[in-house]
Amino acid sequence: MSRRFEGGKIVIASHNQGKVKEIADLLAPYGADLVPASELGLPEPEETGQTFAENSEIKALGAAREAGLAALADDSGLVVAALDGAPGIHSARWAGPNKDFAAAMNRIEEALSESAAAGRPGRQAHFTCALTLAWPDGHVETFEGHVHGRLVWPPRGGKGFGYDPIFVAHGHDITFAEMGLEAKHAISHRAEALKRLVAACFEG
Ligand code: IMP
């Protein structure tokens, strides 16, 4: 049985404004009192895990212990089949310290061209999101979501964040960056993980 969230504040343990906004939107119907980690001046812990789930647990537990409050963290990324799963848990790092996602998307496109030239074509990719709700006593609840699709070039659209301009979900023709947030929330990896978390910890 999952532990229920009994009300009060939840720290959103992310410094990524795109993610904070999406999580706040998705949790809005549940009346939780959300506090961004940046408001509390919490440090960003080093992501030393080998999986999305390990890294989201590191971030959520770090914030819960520092703040003495329940904390929610997301670790997510783009997994490209022809690149053996890269950039994966290193999705943010591929954009460098200046968070230059135009450069990161170029790097993916170059790697895909090299992979195709080496006889390994294919533009299949998925986003994964692991979401962890952690409590100051060390208890964690972690849930994952995925959305599968393909990568397009050149990048299209000005909405969203990160790799959204090159990702087209299966069954769609427009990129995540061309979709409104509501349409993205209907199918995204983050929305799916959050649905699981809400069912287990808020409604269960
Ligand atoms: P981290 O979870 O903070 O390590 O960073 C995950 C990175 O994955 C983000 O900085 C984005 O580059 C990428 N990412 C995760 N979710 C999305 C999404 O919904 N759209 C586009 N890029 C995403």
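FYI, it's all coordinate maths here, none of it is from the lab. Since we're looking at a predicted model, the values are computed, not measured. Heads up, the Cβs are rebuilt from the backbone with ideal geometry, glycines too, and the neighbour counts pull from every protein chain shown.
Rounded to the nearest 20 Debye, what is the dipole magnitude of region 129-175 about its Cα centre when Lys and Arg each give +1 and Asp and Glu each give -1 at the C-beta? Spell out each step's value before the answer.
Details: 3 positive and 5 negative charges, 72 e Å.
With Lys and Arg at +1 and Asp and Glu at -1, about 340 debye.
Estimate the FRET efficiency between Glu39 and Arg120 by the formula 1/(1 + (r/R0)^6), using the beta-carbon distance for r and 30 Å for R0, to the nearest 0.05.
Numbers: r = 45 Å, r/R0 = 1.51.
Taking R0 as 30 Å, the efficiency between Glu39 and Arg120 is 0.10.
Return the FRET efficiency for the residue pair Glu47, Glu203: r is the Cβ-Cβ distance, R0 is 25 Å, and the value is rounded to the nearest 0.05. Intermediate values should be presented prior to the final figure.
Details: r = 30 Å, r/R0 = 1.19.
That pair, Glu47 with Glu203, gives E of 0.25.
Could you state, as a whole-number percent, how many of the C-alpha pairs of the chain are farther apart than 27 Å?
The share of Cα pairs beyond 27 Å in the chain comes to 29 percent.
Under the 0.36 nm per residue contour assumption, what length would be gained going from the current alpha-carbon distance of Ala24 and Met1 to full extension? Write out the running numbers ahead of the final one.
Values: separation 23, 0.36 × 23 = 8.28 nm, distance 2.53 nm.
So the extension gain works out to 5.8 nm.
Separation between the His139 and Phe161 pseudo-spin-labels, each 7 Å from Cα along Cα→Cβ, expressed in nm?
Taking the simple label geometry, His139 and Phe161 are separated by 2.9 nm.
Given the peptides 120-130, 36-46, arrange them by the average over their residues of other C-beta atoms within 10 Å, most packed first.
120-130, 36-46
Which percent of the Cα-Cα distances in region 1-91 go past 14 Å?
The answer is 67 percent, as a whole percent.
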